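Take a look at the structure set out below.
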Amino acid sequence: MSDTPSQRNPAFVRTEMLPEQAPPATETGIIKWARENLFSGTSNSILTVLSIISIYYIVVSAAPWILNGVWNSASIRECREILEGAAGGCFAVLTERWNQLLFGFKYPNEEYWRPGLAFVLLFVAAAPVMFFKYLPSKMLLFTALYPFLAYWLIWGGPILAPIFALFGFVVGYVVWSQLVTRSFAAGFFGSIVAAALTWWIGGMITSAVAPEETLLSAVPSRDMGGFMLNLILGTVCVSLSIPFGIALALGRQSNMPIIKWICVVFIEFVRGVPLITLLFVANVVLAYFLPPGSNFDLIIRVIIMITAFASAYIAEVIRGGLAALPTGQYEAADSLGLDYPQAMRLIILPQALKISIPGIVNVAVGLFKDTTLVSVISMFDLVGMIRGPILASTEWNGVYWELFGAAAILFFVVCYGISQYSQWLERELATDHR
Amino acid sequence: MKNSVFLGALTVAGLAAGAAAAGTLDDVKARGKLNCGVTTGLVGFAAPDANGEWGGFDVGVCRAVAAAVLGDPTAVEFVPTTGKTRFTALASGEIDMLARNTTWTFSRDVDLKFEFVGINYYDGQGFMVPKDLGVSSAKELDGATVCIQTGTTTELNLADFFRSNSMNYEPVPIETNAEAQQQYLAGACDVYTTDASGLAATRAAFEDPAGHVLLPEIVSKEPLGPLVRHGDNEWGDVVRWTLNALIAAEELGITSANISEMAAEATNNPEINRMMGTEGNLGEMLGLEADWAVKAISAGGNYGELFEKNIGENTPVGLARGLNAQWTDGGLLYSPPFR
């Protein structure tokens, strides 16, 4: 093997490496990408050409409508005069009525900063729950305080009311931790009684010492509206329905017949009734049962109904997650000597909830969009504002595309955000090796 | 036997409910606010403006009643109701009166146990066609495609009208007025039919209103008026005579401009004096202040002024008085005398 040509005749020896050649033009950059992704075969090429043509037509027909859009006028007739027959959207309705779209038509103008601040703080409060691996767990304290703070910001009124509401929960928790060592039932019912007592006493104290002028002026529930109402209903109902859903799902699998049947009947009944029926019950039927003059807040009635509806669905999603776990996991927990709450908290639920994430997010997104149904019981959410007051005003009667387009964008941003977060969370929690 | 006991129990329950409902006038006075049911939005009749202030023809009636009872036309809590929630809202006592372009029908009055106190707008079902169609009468519509809202009385009226004139039509069922507007403009139907006031408001929103005509035929009676619960006649009287005061004021030439002079001292016309409270004690009979009608009319003007300001010919809605003119001008508005 030593008789190679180079040894025999070493006239030329390359002393350095050849520089890398640029790849052929068809194997690099955008051309390669296009060949691989757009024109990899006859049928794909045809589809690509058709898609480009249709995108072109959509852009060509929509662009003048958007670019010519009128952003400043007092009514649709003025818009038409400005456009003089040319194609163009009348976006002036958005600039004139943006506050009604976001906050409803009765929320006082000078108080818009309050729901705005509550919205910003929502992210601060949600962050430690959503990104629990990256943020200090001390931030959860703010999350616990947030519901009371947000209530006070949005509804206003005496500050004592949310403070006593919070205090009731604290008292309930203290009683619970004292009694639960003796018996679960004692702790459970004892804490409920203690909390209710605190709220009752607190309510009397609040109404007794309530000053005429509060720091933040009170805004009644009837004045809530616009996208703010959708966000309030969506956030409250989703965050309440997840714990209720978990409890219902566990209850349905319980060995105790009464608990099991209560959960089964609740879930099956609520899932068997359309949401809109529940909303009508909340709005009109309850008014017959309550004594005249009693004012049970409409938003709270609606929140209860939507939460009940969503928890039934989430319970079934989580039950699917529980059923997907192999029996070995339950047996492993038993063999370690864990009792039921420990087994659930440490072994079963972390796995079951991880499996259920896509389903839970699906329910949450659907629920958020279903909050627009409240417009049929004459609450002015975003869609209710558009369909009712704005389209019924003599200035803007006839502006459809611009308004519903804006509503679609608002909902899309939120729903797409939720969906992206859930996909990130699934990757984050993936512990298996695929 | 069992039946009669049951009926007896029902009667007692009914009486109890009646007793509980009685005294709306006192409730309103004690509350300091009138809860008035309106629509969630209908062009010209009720809609909040950019500042959230309610305005419109039906809203004007609410404000007049609030002014008559409480002396303040702004002391109204407007409760928006949909077509589905309006009657339960009134029956359950959530609202004191409903002024929501509601048609006065037998079954609503008798079976649903409401009391229509009068009529503030005489409406009727009409037809709108594009001018290019060259139709000048609804009798020429044989074979037309008609956009019609499903589940309404307009659907039945349409069928009756075409059958009695032995014509055929092709219905295009639609759900809402907004949908109808789009379908009609897109040419999915030759004719759009609904209440004439709704047609006028719809046409006013078109880019080219002059390209569409309302046909002269009106094929149904839709008397719209405010209503209250059965069983509280004192309150019903207050609302009824406030509405009558607005109508009579136009007939007698009392406007928001000259009312302060007329109310200041007795005029030559005794009926005006009785209305203004400078003579007689009509207000006391109603349980109101002597100048209740003065306040009601000052709130937004008399009937004619309310009409002109909200839905009249100079507004985008552009409705002619038509049937809603005073009886002296050939219309149907006729207030009983203030005596």
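For this structure, a couple of remarks:
- Selection from A:A196, A:L215, B:G322 lying farthest towards where the dipole of the protein assembly as shown points positive, charges on Cβ: A:A196
- Candidates per trypsin sites (Lys or Arg not before Pro) in segment B:77-143, loop by DSSP, up to 16 other Cβ within 10 Å: B:K84, B:K113
- Globularity ratio of chain B, using Cα Rg and 2.2 N^0.38 Å: 1.08
- Gyration tensor verdict on chain A (Cα atoms; rounded if a/c is under 1.5, prolate if a/b is larger than b/c, oblate otherwise): oblate
- Result for chain B in a Gaussian network model with C-alpha springs under 10 Å: among B:R240, B:R321, B:R163, the largest mean-square fluctuation is at B:R163.
- A convex hull fitted to the Cα coordinates of the protein assembly as shown yields 307 cubic angstrom per residue.
- Projecting the Cα atoms of A:G104, B:F162, A:T277 onto the charge dipole of the protein assembly as shown (Cβ charges, centred on the Cα centre) puts A:T277 farthest toward the positive pole.
- Kyte-Doolittle at least -1.0, axis length at least 27 Å by Cα - qualifying DSSP helices, chain A: A:42-67, A:160-179, A:184-209, A:226-252, A:298-324, A:349-370, A:401-429
- Stokes-Einstein diffusion coefficient of segment B:197-311, Kirkwood radius over Cα pairs, 37 °C, 0.692 mPa s, in µm²/s: 198
- Table column - 3J(HN,Hα) (Hz), segment B:74-88, Karplus curve with 6.51, -1.76, 1.60, x for Gly and Pro: 8, 7, 10, 9, 7, 9, x, 10, 9, x, 8, 9, 4, 6, 5
- Nearest-ten-degree value, helix B:2-21 long axis tilted from longest Cα axis of chain B: 70
- Segment B:88-151 and segment B:251-311 have their alpha-carbon centroids 31 Å apart.
- Among the GluC sites (Glu not before Pro) found in segment B:141-238, those both in a DSSP coil and sparsely packed, with 14 or fewer other Cβ atoms within 10 Å of their Cβ, are B:E175, B:E207.
- Put simply, the amide H of B:L319, placed in the peptide plane, has neighbours under 5 Å in B:G312, B:E313, leaving out anything fewer than 5 places away on its chain.
- Dipole magnitude for the protein assembly as shown: about 2960 debye, using +1 per Lys or Arg Cβ and -1 per Asp or Glu Cβ, origin at the Cα centre.
- Choice from A:F167, A:F148, A:F91 showing the highest fluctuation, given a GNM over chain A with Cα pairs closer than 10 Å: A:F167
- Evaluating 6.51 cos²θ - 1.76 cosθ + 1.60 at θ = phi - 60° for every residue in segment A:380-388, the Karplus couplings come out as 9, 6, 3, 5, x, 4, 5, 5, x Hz, glycine and proline recorded as x.
- Listed by chain and number, the lysines placed with their C-alpha closer than 16 angstrom to that of B:K29 are B:K295; residues fewer than eight positions away on the same chain are left out.
- Based on the convex hull around the alpha carbon atoms, segment B:125-220 presents an average projected area of 5.3 nm².
- In this structure, the amide hydrogen of B:V76, modeled 1.01 Å from its nitrogen in the peptide plane, lies closer than 5 angstrom to those of B:L34, counting only residues at least 5 positions away or on a different chain.
- Size of charge dipole - segment B:125-220 - debye, nearest 20, with Cβ of Lys, Arg +1 and Asp, Glu -1, no other charges: 160
- A cut-off of 5 Å between modelled amide H atoms, ignoring neighbours fewer than 5 places along the same chain, links B:D123 with B:E222, B:L224.
- Isolated Cys residues of chain A, judged by Cβ distance under 4.7 Å to other cysteines: A:C237, A:C263, A:C415
- For chain A, built as a Gaussian network whose Cα springs stay under 10 Å, the top-fluctuating residue of A:V219, A:V49, A:V302: A:V49
- Taking the fewest neighbouring Cβ atoms within 10 Å as the starting point, the ordered list for A:W65, A:W199, A:W401 is A:W401, A:W65, A:W199.
- In chain A, the sites counted are GluC sites (Glu not before Pro) in DSSP loop states with at most 13 other Cβ atoms within 10 Å, and the longest stretch holding none of them, exclusive of the sites, is A:214-434.
- Size of charge dipole - chain A - debye, nearest 20, with Cβ of Lys, Arg +1 and Asp, Glu -1, no other charges: 740
- Beyond 32 Å in Cα-Cα separation lie the following of the pairs B:K131/B:K309; B:K84/B:K139; A:K369/B:K309; A:K32/A:K369: B:K84/B:K139; A:K369/B:K309; A:K32/A:K369.
- Selection from B:V129, A:W71, A:L373, by position along the positive dipole direction of the protein assembly as shown (Cβ): A:L373
None of the figures in this text is laboratory data; all of them are computed from the coordinates on show. This one's a predicted model, so the numbers in the text were calculated from it and none came from an experiment. Note that each Cβ is placed from the backbone with ideal geometry, even for glycine, and that neighbours are counted across all protein chains shown.
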